[in-house]
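Participant: Dropping a structure here in structure tokens format, bear with me for questions.
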Amino acid sequence: MPENELMLQIEAYAKWKNDLIREINAYLGWLEDNDLNDAENDLRIYETLESLKSDKITVAFVAEVSRGKTELINTLFFSQYKRRLLPSQAGRTTMCPTEIFYDDKVERPYIRLLPIETRLNENNSIADYKKEEIEWTNIHLDPESADSLSEAFSEVTRTKRVPVERARELGLYDEKEFAHLKSQDIPTTHIEIPKWRHALINFPHPLLKQGLVVLDTPGLNALGAEPELTINMLPNAQAVLFLLAADTGVTKSDMEMWQHHISNYRVNHNKGLLVVLNKIDTLWDELHTKEAIDISIQSQCKKASDELCIPIENVFPISAQKALLAKIKKDDILLAHSGINALEHALSRDVIPEKHHIISQKVIAEISNMINSDKQTLADRIHSTNKQRDELQSLCGKNADVIMHLLQKTRDEQIVYNKNLEGLKKGRRIMDNYSSKLLGHLDLVSIDKVVANTRKSMSGSWTTAGMKGGMKNFFNDMTTTMEAASEQALELHKIVRAIYHKFHKEHGFREVKPKLFTTMRFQKELDLLYREAELFRKSPVTTMTEQSFVVKKFFISMVSKARNIFFNANQEANRWAKEVISPLKAQIKEHKLDIEKRLLTLRKISQSRDTLEGKIAELEKTLVDLEQQISAINLMLEVVKRPFAPPVNDSQQAADAS
Ligand SMILES: Nc1nc2c(ncn2[C@@H]2O[C@H](COP(=O)(O)OP(=O)(O)OP(=O)(O)O)[C@@H](O)[C@H]2O)c(=O)[nH]1
Ligand SMILES: [Mg+2]
């Protein structure tokens, strides 16, 4: 049973997605039954199905130390364990970013921990390490035992004492932090550092099973020390919850974190950024009236909204701790007081539609296009069947000469057509030539050359000043390469259009506007990355004493993300080059079959005039079948396009009615 609104929404969304997967599978079967499948399209559909199955919804929790991130995660997602499942304590608790998700491909639940020492490897990002299981310490989890889970999860709080030199090597020594000791001449020889760099928790929780991923982050410079979080993980999250404490309001360090790591999220996401004013219970002073307390909470919200320049509707005053307690004790009054319901409502309001929007744009648009093009093929079949039936009807009562004449005419048509197919082969060779040039520009080997050159030019200048120039050159080179690819794509479009036009003009093919490939989206992603990178470069973290380390790490994450953008552009260009001719290929296949069928029928009729009536009846039946197929495909299209209808729960209905 879903526990709260968010759960209800995520479950409904998962059901909607499963229905979509089922419909796409049915479509695949239908294509095969109607001899309409083609290898490239099938592959694309399989890829789409895979991406839908592995689709995730990520909710990230970001804040300074001890604002209650982990407590809130326990409240929102794990209250059924009737305890604090993830460790939440006063002071610095969570020491490494922790991703909590469910992977059904792995048999046993686990917590995997990446040793902090992996920071020394300059070449690998966390994303790279995720592909290398061997680098992680694996602990099996027993989901039935809350005690053993708690014990295993406490690993994320582990620290170790290391000599200052070691901490410095790892980029975890901030001189400013120990400045006061130095000024008192107290030597610092050893410091505490996190034992782990990143944690992955694979856990069979109902919501995680539906594709939810929770990202808990440690406060205190973690975002700065691990730039991959800001560059990669946060921008990909469907929702980011930024926590403040009601008793302190927006402190200087909250503000720094907001400006340098969060505010950019708003630029790229219309929704999904929520500010949580946690610990409102600290304002529940029994010596004050309820009204006075409410006014003070509201004024804290208003202050936070002004200071962070975010609408007050997006600031949620809550008490994560009291909400957890209320859920465990099933205390509805306390739960209502805790303010958690409004936050859960906002989360479900923002997270699911954002995800639905992405799926609609990518998956639904693509499958609908394919279905529409099949509809066209069916319409073509109806058109040619009608034509053939009319042709045969016109032969009724005519002599053998007329039939022979028509037979000859159709044969001539076939000869001209076959000749043009030869021409198409030539066109395709030219096309292949251009597409390999296009793919050459987006080739990872050439990108890796840019990366290597940048690193070479950067070596020895791992300072913020050095980084500024390095970054600029790197992005300039990337943009130039992307522009060259874009120009090549334009040339290729001209050739593709000419080929389509020829078949339209010479064989009466339906005019199809071939799909265009553009690098615009990838260019935009690169620009965005540059903007994010600039913000990060100017953040206070990079002015830390151990900046060269952070700069290196930051550069590696940024480069790895840029490389990823190119990889995606390359994949898309590759796919496009293979598919762009598919609608024409489908028309050619249909046309070829059509001529062959007509020739066969005419030959039979020329041998025996008695078959004429039978053939006409056969064509009439084919027409009825085709009409039925059109209805079936229309229905499929309708189901695929059916939007996700969020469920409305009782409390929401009541709230809306009041
Ligand atoms: N009074 C009160 N205390 C809270 C509330 N939420 C969290 N706390 C307490 O605040 C302390 C810190 O909470 P955590 O959840 O560990 O905070 P965090 O943001 O995860 O901190 P780090 O992991 O260190 O970054 C714990 O002692 C919690 O019990 C709340 O709503 N009210
Ligand atoms: Mg924590």
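The numbers here are math on the coordinates, done by the rules we state, and not lab data. Since the structure is predicted, the reported quantities are computational estimates derived from the model, not experimental observations. Methodologically, a virtual Cβ is constructed for each residue, glycine included, from the backbone with ideal geometry; neighbour enumeration extends over all protein chains shown.
Participant: Are there GluC sites (Glu not before Pro) in segment 472-522 that DSSP marks as loop and that have at most 12 other Cβ atoms within 10 Å, and which are they?
Facilitator: Glu511
Participant: Sticking with this one: Quick one: go through segment 278-319 and flag any residue whose amide nitrogen is under 13 Å from the point 7 Å out along the Cα-to-Cβ line of Asp247.
Facilitator: 278-285
Participant: Shifting gears a bit: Mark the label point 7 Å from the Cα of Gln259 along Cα→Cβ and return the residues of segment 280-312 whose backbone N is within less than 14 Å of it.
Facilitator: Those under the cut-off are 307-309.
Participant: In whole angstrom, note down how far apart the Cα centers of segment 49-116 and segment 349-395 are.
Facilitator: 42
Participant: Would you work out which of Phe509, Ile565, Val451 lies farthest towards the positive end of the dipole of the chain? Charges go on Cβ: Lys and Arg +1, Asp and Glu -1.
Facilitator: Farthest along the dipole direction, towards plus: Phe509.
Participant: Which of Asn278, Ile231, Thr289 sits farthest toward the positive end of the charge dipole of segment 197-292, with +1 on the Cβ of Lys and Arg and -1 on the Cβ of Asp and Glu?
Facilitator: Ile231
Participant: Once the Cα gyration tensor of segment 424-609 is diagonalised, what are the square roots of 5 times its eigenvalues, in whole Å and ordered largest first, as equivalent ellipsoid semi-axes?
Facilitator: After diagonalising the Cα gyration tensor, the semi-axes are 53, 13, 12 Å.
Participant: Would you work out the charge dipole size for the chain about its Cα centre, treating the Cβ of every Lys and Arg as +1 and the Cβ of every Asp and Glu as -1, and quote it to the nearest 20 debye?
Facilitator: 1980
Participant: Right, next: Could you compute the net charge surrounding Arg575? Neighbours are other residues with a C-beta less than 11 Å from the C-beta of Arg575; K and R count +1, D and E count -1.
Facilitator: It works out to a net charge of -2.
Participant: Above 16 angstrom, tally the Cα pairs of segment 349-424 and express them as a % of all pairs, no decimals.
Facilitator: That fraction is 73 percent.
Participant: Please state, to two decimals, what the Cα-based radius of gyration of segment 53-112 comes to when divided by 2.2 N^0.38 Å (N = residues).
Facilitator: Normalised Rg, Cα atoms only: 1.26.
Participant: Quick one: grab the alpha carbon gyration tensor of segment 47-171, order the square roots of its eigenvalues as a ≥ b ≥ c, and give me rounded if a/c is under 1.5, else prolate or oblate depending on whether a/b is larger than b/c.
Facilitator: Verdict is oblate for segment 47-171.
Participant: With the Cα gyration tensor of segment 282-346 giving a ≥ b ≥ c as the square roots of its eigenvalues, does the rule (a/c under 1.5 for rounded; else a/b larger than b/c for prolate; else oblate) give rounded, prolate or oblate?
Facilitator: Oblate is the answer for segment 282-346, as a/c is 1.5 or above yet b/c matches or exceeds a/b.
Participant: Counting other beta carbons within 10 Å of each residue's own, what order do Leu599, Leu200 fall into, fewest first?
Facilitator: Leu599, Leu200
Participant: Also, I was wondering about something else. Counting only helical runs of four or more DSSP H residues, what would the 222 nm mean residue ellipticity of the chain come to if each run contributes -39,500 (n - 2.57) and the total is spread over all its residues?
Facilitator: Calculated mean residue ellipticity at 222 nm is -20500 deg cm²/dmol.
Participant: Have a look at the DSSP beta bridges in the chain and tell me what percent are antiparallel, nearest 5.
Facilitator: 45
Participant: Shifting gears a bit: By how many nm would the segment from Lys362 to Asp390 lengthen if fully extended, with 0.36 nm per residue of separation less the alpha-carbon distance?
Facilitator: Taking Lys362 through Asp390 to full extension adds about 5.8 nm, to one decimal.
Participant: Roughly how many whole Å is it from the C-alpha centroid of segment 317-336 to that of segment 218-272?
Facilitator: Taking the Cα centre of each part, segment 317-336 and segment 218-272 sit 26 Å apart.
Participant: First select every other residue whose beta carbon is under 10 angstrom from the beta carbon of Leu334; then total the charges, Lys and Arg +1, Asp and Glu -1.
Facilitator: Net local charge, Leu334 excluded: +1.
Participant: Segment 1-33 to segment 519-533: how many Å between their Cα centroids?
Facilitator: For segment 1-33 versus segment 519-533, the Cα centre distance is 32 Å.
Participant: Under a Cβ-only charge scheme (Lys and Arg +1, Asp and Glu -1), can you give me the dipole magnitude of segment 257-408 about the Cα centre, in debye to the nearest 20?
Facilitator: Dipole about the Cα centre, nearest 20: 340 debye.
Participant: Can you give the charge dipole size of segment 468-592 about its Cα centre, rounded to the nearest 20 debye, using +1 on the beta carbon of Lys and Arg and -1 on the beta carbon of Asp and Glu?
Facilitator: 300
Participant: Give the calculated FRET efficiency between Arg642 and Ser51 to the nearest 0.05, with a Förster radius of 22 Å applied to their Cβ-Cβ distance.
Facilitator: Here the calculated transfer efficiency is 0.70.
Participant: Once the dipole of the chain is set up with Lys and Arg at +1 and Asp and Glu at -1 on Cβ about the Cα centre, which of Leu490, Tyr13, Gln376 lies farthest towards its positive end?
Facilitator: Looking along the dipole axis, the top candidate is Leu490.
Participant: Can I ask one more? Specify whether the C-alpha gyration tensor of the chain places it in the rounded, prolate or oblate class, a ≥ b ≥ c being the square roots of the eigenvalues: rounded for a/c under 1.5, otherwise prolate if a/b is larger than b/c and oblate if not.
Facilitator: prolate
Participant: Next up: What ranking do 25-37, 248-260 get when scored by the average of other Cβ atoms within 10 Å per residue, highest first?
Facilitator: 248-260, 25-37
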